[in-house]
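The values are calculated or read from the model by the stated rules, or taken from the named source; none is laboratory data. Please read all numbers here as calculations on a predicted model, not as lab measurements. So basically every Cβ, Gly included, is an ideal-geometry build from the backbone, and we count neighbours across all protein chains shown.
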Amino acid sequence: MTIGVLGAGYVGLATAASFAARGFAVVCADIDEKKIVKLQIGELPFFEEGMKEVFAAASTPAMFTTDLPKACVCDIVFCCVGTPSAADGSADLSFVRSVAKTCADAAPNAVFVLKSTVPPGTSRSILEFVQGNLRVAANPEFLREGHAVQDALNPSRVVIGADDESVKLILLDLYTPTGAPIISTNTVTAEMIKYASNSFLATKISFINDIANLCDVIGADVRSVAAGMGLDDRIGAKFLQPGPGYGGSCFPKDVRALMHLGQSVNVPLRILEATTAINADRQSLPYRMLIESLGSLERKRIVVWGLAFKPGTDDIRDAPALSLLRRCMADDARLVAYDPLVRSLPSEFAEIEMAGSAIDALQNADALVIMTDWPEFVDFDRAEILKAMRGNCVIDPRYVLR
Ligand code: UGA
């Protein structure tokens with residue numbers, strides 16, 4: 001059986017890697033020529049633990065190409081292109097439509113499976129858009145950056161959304177050997193499972209962040225509160241880590257898109273409105289704490305430890321650290337940043353000095369803000385940090401330090 005993958009981002013490459021590892025012939029296509037050239041010589045366009053090794057050891061090598069129609073003439077075609085936020089908060093489906101059209105032209109009646117995160121109703125609208133010239137299914141992914149390969153190879157669950165019995169059977173055949181629990185449903189429900197899952201996790205984070213705000217004022221230790229709550233297996237310990245708000249390429253955009261969908265059908269999702277407001281408030285917290293401690297930030301040397309939106313990745317999309325840097329730049333602060341994996345920043349941050357190590361970054365620092373909970377930061381204690389700095393302002397919104 002041959003597998004086509006359209007889009008070579010995190011989702012596309014994790015999908016391609018997992019099917020190649022399972023011995024399927026995989027053709028992975030992307031319009032980004034630079035990315036494909038890198039992949040053809042065994043380089044990844046981003047850091048992802050273990051992915052390079054999986055491609056290198058795959059029982060059937062994956063083929064990378066810029067020829068999208070070539071990936072469409074496969075038995076199953078996975079759509080893994082991006083669905084960024086449009087200006088109104090809805091998901092921009094133009095890439096999905098474009099590859100669906102390519103697929104319908106190249107291989108009418110192909111099994112076109114949406115792995116991209118798409119709003120409920122998208123599979124049906126795509127079927128309409130291509131005038132029935134594809135067999136469309138929804139099969140959302142649940143992989144986490146930093147664990148993408150592991151999640152793709154050993155999924156916690158497989159969601160198969162099909163409105164057509166023959167397509168459902170093809171996907172059941174594909175996934176039953178993985179041994180993962182399978183939920184088989186219609187397309188709109190499958191799409192909703194993905195949005196509801198991400199929105200719930202984002203809400204869990206905002207909940208603990210709201211509790212953290214209160215704990216900090218009344219003198220309670222939020223980490224112990226989270227640990228105590230987490231031992232109740234109805235609550236669970238995961239995603240109760242307070243921080244400077246959730247970031248990354250998924251939660252902010254997916255929560256916005258679900259709220260947009262709710263509004264469009266007159267069912268406002270009030271809990272997500274609160275989740276979003278708390279997140280924005282927590283994102284601005286490190287900056288407010290800096291102002292409270294230093295007064296003006298003008299010409300102050302401010303060190304930021306951690307740029308990635310979470311540990312284990314070099315991804316800075318919607319990273320809380322970037323919004324802090326922007327605020328401090330506007331106040332004319334002197335900024336120094338250190339991250340174990342992020343070695344450069346986009347040109348808008350050209351004035352920021354990149355330090356070679358966490359401790360080097362602290363020289364002459366007036367303040368330190370820890371924005372990502374990288375394991376290497378946990379090993380520091382406050383006294384050691386303060387000794388290396390000029391000032392005494394240490395802001396730790398992720399409660400990394402002991
Ligand atoms: C998220 C979901 O966890 C995946 O299940 C989903 O498949 C993926 O989105 C997607 O839709 O593609 P990811 O964006 O890789 O995965 O990152 P997470 O590990 O979920 O973290 C998201 C953000 O929440 C990060 O900024 C992280 O620091 C923050 N976070 C997470 C907290 O602030 N506290 C926590 O307890 C957990």
Residue pairs meeting the criteria (Cβ under 8 Å; at least 6 apart or on separate chains; first of a type in the set (Lys, Arg) and buried (at least 19 other Cβ atoms within 10 Å of the Cβ), in segment 26-46; second at pLDDT 95 or above and not in a helix (DSSP H, G or I))
Lys35/Ala8
Would you mention how many residues in segment 134-154 are more than 13 Å from the ligand (Cβ to nearest atom) and either under 14 Å from Ile183 (Cβ atoms) or not basic (Lys, Arg) (or both)?
6
Check on Ala106, outside the structural domain of Leu201 (by TED's automatic domain parsing), touching a residue at least 24 places away in the same chain (Cβ under 8 Å) and within 13 Å of the ligand (Cβ to nearest atom)
no
Residues that are under 24 Å from the mean Cα position of the chain (by Cα) and surrounded by fewer than 20 Cβ atoms within 10 Å (Cβ to Cβ), drawn from segment 279-301
Ala280, Asp281, Ser284
Which is of a type outside the set (S, T, N, Q) and away from the ligand (no atom under 14 Å from the Cβ), of Asp254, Asp232?
Asp232
Considering residues that are within 20 Å of the chain's Cα centre (by Cα), hydrophobic (A, V, I, L, M, F, W, C) and surrounded by 13 or more Cβ atoms within 10 Å (Cβ to Cβ), the number found within segment 238-278 is 10
Within segment 158-175, does at least one residue satisfy the condition of being closer than 14 Å to Val113 by Cα and assigned by TED's automatic domain parsing to the domain that holds Arg270?
no
Arg223: among the basic types (Lys, Arg) and in contact (Cβ under 8 Å) with a residue 12 or more places away in the chain, yes or no?
yes
Do you know which residues across segment 381-393 are closer than 18 Å to Ile302 by Cα and in contact (Cβ under 8 Å) with a residue 12 or more places away in the chain?
Arg382, Ile385, Ala388, Met389, Arg390, Gly391, Cys393
